[in-house]
Amino acid sequence: NRVASDLIPYILDNSDRARFFPPILAVVVPFTNNELHESYDQREVVEEEIKNDEGELEWIRETLSLGDVVRIVRHKSQSGQYDRAAELHLNRQKARLMVVDGQHRAMAILAVQRNLLNQWEGKRAAPYQHFYSDIDLKDWSAADLERIELPVCLCVFPDLHAGKSTSSTLREVCRKVFLDVNKEARQPSKSRALLLNDYDLKA
């Protein structure tokens with residue numbers, strides 16, 4: 001109900017007011033046949049020296065692999081200082097993004113897409129179609145989806161791999177991340193919400 005009545009109209013609002021979603025928080029998890037693995041596969045780190053034309057060391061290219069599920073490529077200096085940019089490679093046959101915070105935001109975007117493209121077939125989508133069938137999309141086209149930018153924070157826990165003895169599982173870590181994020185969240189006070197609200201005449 002919240003997705004259909006609050007979040008989707010917020011996305012589809014064509015006024016000039018700014019709209020912002022906080023990042024969706026997801027954990028990269030390995031799956032086989034819809035079953036979540038309790039850890040990543042064996043961890044492997046490979047370093048490659050990148051030299052300039054004079055043969056001097058410029059960077060060290062570090063590739064962290066967790067089986068054939070996920071690969072992270074970063075560059076670091078001789079002193080071990082990592083560059084801010086990184087590459088994340090996911091094997092989409094074996095990796096899923098488990099949303100641990102922002103499920104409603106993710107569902108709002110997904111529902112708009114499924115309505116625009118009429119993609120409600122299949123047992124994963126069909127049961128939810130009636131919740132979103134009344135969405136008014138007359139001013140929208142599939143091309144408008146390209147304008148939506150949704151920030152996502154992806155988490156990988158490379159120490160949770162099959163070659164290391166650990167008491168935690170990926171399932172437990174996902175639960176802990178969810179609790180940490182949601183337990184510590186604080187609603188603004190009623191007076192501050194009234195003070196800052198420019199869209200409600202009563203406020």
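Each value in this text was obtained by applying a stated rule to the coordinates, not by laboratory testing. Since the model is a prediction, treat every value here as computed from it, not as a measurement. For neighbour counting, all protein chains shown are included, and Cβ atoms are generated from backbone atoms with ideal geometry for every residue, glycine included.
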| request: Could you check the simple spin-label distance between I50 and T169, using points 7 Å along Cα→Cβ, in nm with one decimal? | output: 3.9 nm
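For the chain, rounded, prolate or oblate, judged on the Cα gyration tensor with a ≥ b ≥ c (square roots of eigenvalues), a/c < 1.5 rounded, else prolate if a/b > b/c? Kindly include the intermediate steps, with their values, before the conclusion.
Values: a/c = 1.90, a/b = 1.67, b/c = 1.13.
Prolate is the answer for the chain, as a/c is 1.5 or above and a/b outweighs b/c.
Once R0 is set to 30 Å, what does the formula 1/(1 + (r/R0)^6) return for the Cβ-Cβ distance between N118 and R19, expressed as a FRET efficiency to the nearest 0.05?
Numbers: r = 25 Å, r/R0 = 0.84.
With R0 = 30 Å, the Cβ-Cβ based efficiency is 0.75.
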| From largest to smallest, what semi-axes in whole angstrom does region 60-175 give when each is the square root of 5 times an eigenvalue of its alpha carbon gyration tensor? | 36, 20, 12
| task | Return one number: the angle in degrees, 0 to 90 and rounded to the nearest 10, between the long axis of the Cα atoms of helix 103-117 and the longest principal axis of the Cα atoms of the chain. | result | 70 degrees
| request: Report the extension gain between L110 and L57 in nm, rounded to one decimal, defined as 0.36 nm multiplied by the number of residues separating them, less their alpha carbon distance. | output: 14.5 nm
| note | If one compares the long axis through the Cα atoms of helix 170-183 with the longest principal axis of the Cα atoms of the chain, the angle in degrees, nearest 10, works out at 50 degrees
| request: For the chain, with a Gaussian network of springs between Cα atoms less than 10 Å apart, report the residue from S167, S189, S15 with the top mean-square fluctuation. | output: S189
| said: Run the count for the chain, please: Lys pairs, Cα-Cα under 28 angstrom, 8 or more apart or on different chains. | reply: 8
| Not counting the cut sites, what is the longest span of the chain without GluC sites (Glu not before Pro) that DSSP labels loop and that have at most 12 other Cβ atoms within 10 Å? | 57-120
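If I take R0 = 25 Å and measure r between the Cβ atoms of A142 and D6 in this structure, what FRET efficiency does the formula 1/(1 + (r/R0)^6) give, to the nearest 0.05?
Once rounded, the FRET efficiency stands at 0.60.
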| request: Evaluate the distance, in nm, between pseudo-label points positioned 7 Å from the Cα of D159 and of Q78 along their respective Cα→Cβ axes. | output: 3.0 nm
| task | Please work out the C-alpha center-to-center distance from region 89-163 to region 29-65 and express it in whole Å. | result | 27 Å
| request: Please identify every one of the chymotrypsin sites (Phe, Trp or Tyr not before Pro) in region 20-52 that sits in a loop by DSSP and has no more than 15 other beta carbons within 10 Å of its own beta carbon. | output: F20
| remark: Taking the chain and counting helices only, DSSP H stretches of n ≥ 4 at -39,500 (n - 2.57) each over all residues, the nearest-500 ellipticity at 222 nm comes to -6500 deg cm²/dmol
| request: Determine, from the Cβ-Cβ distance of F131 and V152 and an R0 of 30 Å, the FRET efficiency 1/(1 + (r/R0)^6), rounded to the nearest 0.05. | output: 0.80
| field | Listed residue (S191, L170, G122) projecting farthest to the positive dipole end of region 108-203, Cβ model | value | L170
| request: With all distinct Cα pairs included, what does the Kirkwood hydrodynamic radius of region 1-111 come out to in Å, to one decimal, could you say? | output: 17.5 Å
| note | Placing one equal point scatterer on each C-alpha of region 144-198 and summing with Debye, one gets log10 I(q)/I(0) at q = 0.15, 0.17, 0.20, 0.22 Å⁻¹ equal to -0.76, -0.82, -0.89, -0.94
